[in-house]
1. A312: of a type outside the set (F, W, Y), under 20 Å from I422 (Cα atoms), assigned to a helix (DSSP H, G or I) and modelled with pLDDT under 95, yes or no?
2. Being more than 20 Å from L150 (Cα to Cα), assigned to a helix (DSSP H, G or I) and of a type outside the set (G, A, S) is the filter here, so list the residues in the stretch 80-108 that pass it.
3. Please indicate, with yes or no, whether at least one residue in the stretch 112-125 is under 30 Å from A425 (Cβ atoms) and buried (at least 20 other Cβ atoms within 10 Å of the Cβ).
4. Quick check, is R232 surrounded by fewer than 19 Cβ atoms within 10 Å (Cβ to Cβ), part of a helix (DSSP H, G or I), assigned by TED's automatic domain parsing to the domain that holds V403 and among the charged types (D, E, K, R)?
5. Of I142, I148, which residue is touching a Phe, Trp or Tyr at 6+ places or on another chain (Cβ under 6 Å), surrounded by 23 or more Cβ atoms within 10 Å (Cβ to Cβ) and within 20 Å of A212 (Cα to Cα)?
6. For the stretch 151-174, give me each residue that is surrounded by fewer than 19 Cβ atoms within 10 Å (Cβ to Cβ), out of contact with any helix residue (DSSP H, G or I) (no Cβ under 8 Å at 6 or more places or on another chain) and not small (G, A, S).
7. If I filter the stretch 292-299 for residues that are of a type in the set (A, V, I, L, M) and modelled with pLDDT of 95 or more, do I get at least one hit?
Amino acid sequence: MAGETIKETVQAKYGEAALRVVRGQGSSCCGDPIRSNLYDSAQTAHLPEQALRASLGCGNPTALAELHPGEVVLDLGSGGGIDVLLSAQRVGPQGKAYGLDMTDAMLALARENQRRAGVANVEFLKGDIERIPLPDASVDVIISNCVINLAADKRTVLAEAFRVLKPGGRFAVSDVVVRGEIPAELRRSMELWVGCVAGALEEKEFETLLAANGFEEIEIVFDATSAADHLRHAPVFERLGKIAVDLTPAKIGILAVPAVNLDEALGHRNVNMITCGGQASIPIAWALGQTHADIDYIEVVSSIASRSAGPATRRNLDEYIHTTETGIQRFSGCRRAKAILNLNPAEPCINMQTTVLAKVAKPDVEKFSAFLREVAAQIRRYVPGYEVIVGPLLENGRIVTMVRVRGLGDYLPAYAGNLDIINCAALAMA
C-alpha cells in the first residue's frame, strides 16, 4: 500500500476517534481492553476525563521511561495528550514535554486537555513522525504508545527519532510486534492496519531496525509463541538481561495473575501468564482459598470458540492442562485440581465461559460471594468483559461459579475473550 494512502486512512480513523471523545463517546483502538488499568489513578486524578477517554495506546510508556526533573520529552503520535501531560508532571517546570501528531482533531483535543489541566510546560506540534519538526540532539527521552506500527516508513521514523535524541538519550515505547510472518492479504487490509495489526513489524525486524539506526540496549518483553519455543527463548532472555512476560504455558517463571499477585510477580524477570483458562479461573480459586481452610478438589472447565484457538493453542493443549492445574493448586491450596478445555465449533461462535466447581469441607457461600465480588471488580479494571454469570451457589455439596469473558471486538472478534483476557493480563503485568 502507498504511504500516502496509509497516512490518509490513519488520519481519518484517529480524527473520528477524537470527535467521538469530544461527543462523550468511548474511543476504540488497541488500548481499550486494558486502558483503565494502565495508568495509576493517583497520577491521572488531575487530568481531564477527555484525556483518559482518548487514550488509544497498548501500554504506558511513561511507566517504562525513567523521567527526571528538567528533561525534555517527545511523544510520537501524542493523540489526546495523556502521556504528554503525565510526562510534563514528572519532568517538572524546568523540563518540557512535546507531543507530535498529524491529526488536527487530535491536536485540538490535546490542547484543550492541556488547558483544562493547567499545564504550562507542554507544547503540541503538528507533523509526521517521519519528519520530526525539532532540531538535532534536542530531546532527552522519546516515548510512543502504539503508533510506530501505524507508520508506512518505520525505518525513517526510527532514524528521525535517533536524530533528535541527545547523546545517551532514551527511547521507551509501547508498541505491537509480531512473531512470524503476517500473510500478505492481512498486510493489505487498511482496517487491520489502523487497528495496529497489519502494520506491526516482526520482532527481529524491529530489533534490526533499531540497531541499524544506532539504538542500543533493546528490550522486548512479551513472548507469545509456544511453550516449547519459550523453553529455548528463556535462557536467551536471561543472558541478555531482558524481562520476559511469557504468554505461553511454559511454566518457567513465576505464575502470575494481576488481580492476585501483581506485587509479588513484579520482582521477577520471567513472568508466566499461565493460560486463558487460568486467568479466568484462578482468581476464583484464590478467593475460595482465602475463604475456606480445607479445599479437597477444584475442577475448571473452560469453553472457547474453536475459531479463537490458533495453532499455538492447539499445539500446547497438554501444557495448557498441566500449567492451569498447577496454578489452581498454587493459588488455592487445594489438594487436587483438574482443568478441561473445550474447543466449541458452534456457529455463531460462543463467548469464552469458565465453570469452577469446588469441593470443600465446610462451604461458606456467603463469605466466598462477598470476597469474589471484590476480586471480579479488580479483574474488570483490565478485562472489562469479565462477568460472573452463575453463582456462587451450592449444588450437590459443591460450590459452583461460572464466568463469561467477552472481548471488546475492536480488532479481534468479540467472542475471542480467551485472547483478550491473557493479552490484557500480560499488559497489566508489564
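1. yes
2. Listed by number, the residues that qualify are L85, L86, Q89, R90, V91.
3. yes
4. Numbers: surrounded by fewer than 19 Cβ atoms within 10 Å (Cβ to Cβ): yes; part of a helix (DSSP H, G or I): yes; assigned by TED's automatic domain parsing to the domain that holds V403: no; among the charged types (D, E, K, R): yes.
Here the answer is no, as R232 does not meet what is asked.
5. None of the other options fit; the residue is I142.
6. Answer for the stretch 151-174, where residues must be surrounded by fewer than 19 Cβ atoms within 10 Å (Cβ to Cβ), out of contact with any helix residue (DSSP H, G or I) (no Cβ under 8 Å at 6 or more places or on another chain) and not small (G, A, S): T156, F162, R163, K166, P167.
7. Yes, some residue in the stretch 292-299 is of a type in the set (A, V, I, L, M) and modelled with pLDDT of 95 or more.
Yes/no matrix, rows are residues, columns are (1) out of contact with any helix residue (DSSP H, G or I) (no Cβ under 8 Å at 6 or more places or on another chain); (2) in contact (Cβ under 8 Å) with a residue 40 or more places away in the chain; (3) assigned to a helix (DSSP H, G or I); (4) closer than 17 Å to G391 by Cβ:
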{"residue": "V271", "(1), (2), (3), (4)": "no, yes, no, no"}
{"residue": "A285", "(1), (2), (3), (4)": "no, yes, yes, yes"}
{"residue": "S302", "(1), (2), (3), (4)": "no, yes, no, yes"}
{"residue": "Y320", "(1), (2), (3), (4)": "no, yes, yes, no"}
{"residue": "T326", "(1), (2), (3), (4)": "yes, yes, yes, no"}
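The values are calculated or read from the model by the stated rules, or taken from the named source; none is laboratory data. Not measured: the values here are computed from a predicted model. With ideal geometry, Cβ positions are generated from the backbone for all residues, glycine too; neighbour counts draw on all protein chains shown.
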